[in-house]
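J.: Before anything else, here's the structure in question.
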Amino acid sequence: MTSFAVPPTWRPASCIAGACLAAVTAFGATAIADADAQSVLAPVPADGAVTEPAFQGKPVLLHGSTKASYFWDDASGRMGDTGMPAIGKPMQKGLFASPSWPLGTEGYVMYKGKKAPFFIGDRGPGIPSSSGVMLDIDGKTFAELTGGTFSDSTLTVKGFDAGHIKVDYVVTKWGDGKGKKNFPVPFSSGAWASYDHHPATPPRTPVVLAGD
């Protein structure tokens, strides 16, 4: 494994029937989702504030902010890559991981005036989620959000030294499987292994995000 600007983090190494083991990788977990989740970054107003009562006609079910890491697991075995994501589809841009949300959950993130959609397709980060890193962004989307360049050879983002950023997130659809349908909680809580029949109450007023 190569060296990085920040220490490596722990992530689920394998996910079989929802059970994940922990292993080291560059910046967290893996993620995956449907092909129509291709990430398209959209600009927001110059003041960085935007009101989001819906996203492309989809309801806002949950919104918040979190630290986020990045990853790219393409089943090549390179750079700590641990194989296919839990959802069983190939790695692709716009596909994230969560330590507690159900697989298939959809939404978008915002960072410094840029917006990118996501689908949850794997579990993670592992240990870092206990320190508030509640989302893993695929490396290509992370690069576009931060102005860096994703390297296909090293599976890292060049031109942006930090391995974590703070993002705003909005959930527009919950996945059908196991997982917590509410604010994310650490992987160690085990919330990813249980069905949640009481999802968070959607906000009653338009969501105003700062686009940090």
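The values are calculated or read from the model by the stated rules, or taken from the named source; none is laboratory data. Note that the structure is predicted; figures quoted are calculated from it, not measured. Please note: Cβ atoms are built from the backbone with ideal geometry, for glycine as well, and neighbour counts cover all protein chains shown. Surface accessibility is based on the protein's heavy atoms, side chains included, excluding ligands, DNA and RNA. Shrake-Rupley method; radii C 1.70, N 1.55, O 1.52, S 1.80 Å.
J.: Can you pull out the residues in the stretch 82-101 that are more than 18 Å from Asp196 (Cα to Cα) and polar (S, T, N, Q)?
T.: If the condition is that a residue be more than 18 Å from Asp196 (Cα to Cα) and polar (S, T, N, Q), then Thr82, Gln92 are the ones that fit.
J.: If you don't mind, another one. Gly175 - would you say it is in a loop (DSSP other than H, G, I, E, B), under 22 Å from His63 (Cβ atoms) and open to solvent by less than 10 Å² (accessible area, probe 1.4 Å)?
T.: Working: in a loop (DSSP other than H, G, I, E, B): yes; under 22 Å from His63 (Cβ atoms): yes; open to solvent by less than 10 Å² (accessible area, probe 1.4 Å): yes.
Taking the combined requirement at face value, the residue satisfies it.
J.: Turning to a different aspect of this structure: Has the stretch 84-95 got any residue that is open to solvent by 30 Å² or more (accessible area, probe 1.4 Å), of a type in the set (Lys, Arg), closer than 25 Å to Gly159 by Cβ and not in a loop (DSSP other than H, G, I, E, B)?
T.: As a first pass, look at the stretch 84-95 and keep what is open to solvent by 30 Å² or more (accessible area, probe 1.4 Å): 84, 86-90, 92-93.
With the extra rule that they be of a type in the set (Lys, Arg), the set shrinks to 89, 93.
Pick out the ones that are also closer than 25 Å to Gly159 by Cβ and you get 93.
Next, only the ones that are not in a loop (DSSP other than H, G, I, E, B) stay: none.
There is no residue in the stretch 84-95 that is open to solvent by 30 Å² or more (accessible area, probe 1.4 Å), of a type in the set (Lys, Arg), closer than 25 Å to Gly159 by Cβ and not in a loop (DSSP other than H, G, I, E, B).
J.: Keeping to the stretch 115-134, report how many residues are open to solvent by 20 Å² or more (accessible area, probe 1.4 Å) and part of a loop (DSSP other than H, G, I, E, B).
T.: 1
J.: Turning to a different aspect of this structure: With the requirement that a residue be farther than 17 Å from Ala97 by Cβ and modelled with pLDDT of 95 or more, what does the stretch 124-157 give you?
T.: The answer is Glu144, Thr146, Gly147, Gly148, Thr149.
J.: Restrict the check to the stretch 52-69 and report whether at least one residue is at pLDDT 65 or above and buried (at least 23 other Cβ atoms within 10 Å of the Cβ).
T.: yes
J.: For Pro199, work out the one condition from (1) in contact with a strand residue (DSSP E or B) (Cβ under 9 Å, 6 or more places away or on another chain); (2) open to solvent by less than 60 Å² (accessible area, probe 1.4 Å); (3) part of a loop (DSSP other than H, G, I, E, B); (4) touching a residue at least 24 places away in the same chain (Cβ under 8 Å) it doesn't fulfil.
T.: (2)
J.: Does any residue in the stretch 112-123 that is within 18 Å of Pro99 (Cα to Cα) and at pLDDT below 95 come within less than 6 Å, Cβ to Cβ, of a residue that is of a type in the set (Phe, Trp, Tyr) and open to solvent by 20 Å² or more (accessible area, probe 1.4 Å) six or more places away or on a different chain, and which pairs are these?
T.: Pairs that qualify, where the first residue is within 18 Å of Pro99 (Cα to Cα) and at pLDDT below 95 and the partner is of a type in the set (Phe, Trp, Tyr) and open to solvent by 20 Å² or more (accessible area, probe 1.4 Å), are Arg123/Trp192.
J.: Evaluate the stretch 135-154: report whether one residue or more is without any contact (Cβ under 8 Å) to a residue 60 or more places away in the chain, within 22 Å of Pro59 (Cα to Cα) and either open to solvent by less than 30 Å² (accessible area, probe 1.4 Å) or not in a helix (DSSP H, G or I) (or both).
T.: Within the stretch 135-154, none of the residues are without any contact (Cβ under 8 Å) to a residue 60 or more places away in the chain, within 22 Å of Pro59 (Cα to Cα) and either open to solvent by less than 30 Å² (accessible area, probe 1.4 Å) or not in a helix (DSSP H, G or I) (or both).
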